[in-house]
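See structure below.
The values are calculated or read from the model by the stated rules, or taken from the named source; none is laboratory data. For clarity, every value in this text was computed on a predicted model and none was experimentally measured. Quick reminder, even Gly has a Cβ in these numbers, built from the backbone with ideal geometry, and neighbours come from all protein chains shown.
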């Protein structure tokens, strides 16, 4: 095999893909740390650093090869992007939704409850006009966010909503409240 081909194509490609792997693992590790996943984060960190050491070792062995530097930086950038895509697809964790409706929220509240989502609801004063608004809170699995947003768009398309990460939820309390409220609403 031609030495130039190996030095300027194969080696940079290996470094590029190694960086994609280690940076993607790093992104996932950070997400797992923020979610309190104490067992998964160290496991990911081990392989992240192992791959990084292999890549940086090849860089140090080939300090005169500019293609290695380009592939190292390109792999880092691509790894960030791919790590975010993977994290998005995994949809790990729990989120809190805060929904503020300017109009009647009854249909949306009923749709959320019938879909199995626990809610807390209250009337508030909002905006410059001081009009009454409904504020709805819900804690859901992150992979259910698109379903909840679809319900919001269907039943109250002008509602404002925000989504925030939650690190811990007392699931027993949430389930008990949801079940009691659903029984009360459906029992009428």
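Residue-wise test of (1) in contact with a helix residue (DSSP H, G or I) (Cβ under 7 Å, 6 or more places away or on another chain); (2) over 30 Å from residue 163 (Cα atoms); (3) crowded, with 17+ Cβ neighbours inside 10 Å.
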site: 11; (1), (2), (3): yes, yes, yes
site: 25; (1), (2), (3): yes, no, yes
site: 30; (1), (2), (3): no, no, no
site: 39; (1), (2), (3): no, no, no
site: 52; (1), (2), (3): yes, yes, yes
site: 81; (1), (2), (3): no, no, no
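For the range 165-177, state whether one or more residues are at pLDDT 95 or above, loosely packed, with under 14 Cβ neighbours inside 10 Å and more than 16 Å from residue 118 (Cα to Cα). No, the range 165-177 contains no residue that is at pLDDT 95 or above, loosely packed, with under 14 Cβ neighbours inside 10 Å and more than 16 Å from residue 118 (Cα to Cα). Looking at the structure I just gave you, is residue 70 in contact (Cβ under 8 Å) with a residue 40 or more places away in the chain, outside the structural domain of residue 149 (by TED's automatic domain parsing) and not in a strand (DSSP E or B)? Here the answer is yes, as residue 70 does meet what is asked.
Over 30 Å from residue 30 (Cβ atoms), touching a residue at least 40 places away in the same chain (Cβ under 8 Å), surrounded by 13 or more Cβ atoms within 10 Å (Cβ to Cβ) and out of contact with any helix residue (DSSP H, G or I) (no Cβ under 8 Å at 6 or more places or on another chain): does that describe residue 100? So residue 100 fits the description; yes. Would a scan of the range 71-90 turn up a residue that is touching a strand residue (DSSP E or B) at 6+ places or on another chain (Cβ under 8 Å) and under 19 Å from residue 144 (Cα atoms)? There is no residue in the range 71-90 that is touching a strand residue (DSSP E or B) at 6+ places or on another chain (Cβ under 8 Å) and under 19 Å from residue 144 (Cα atoms).
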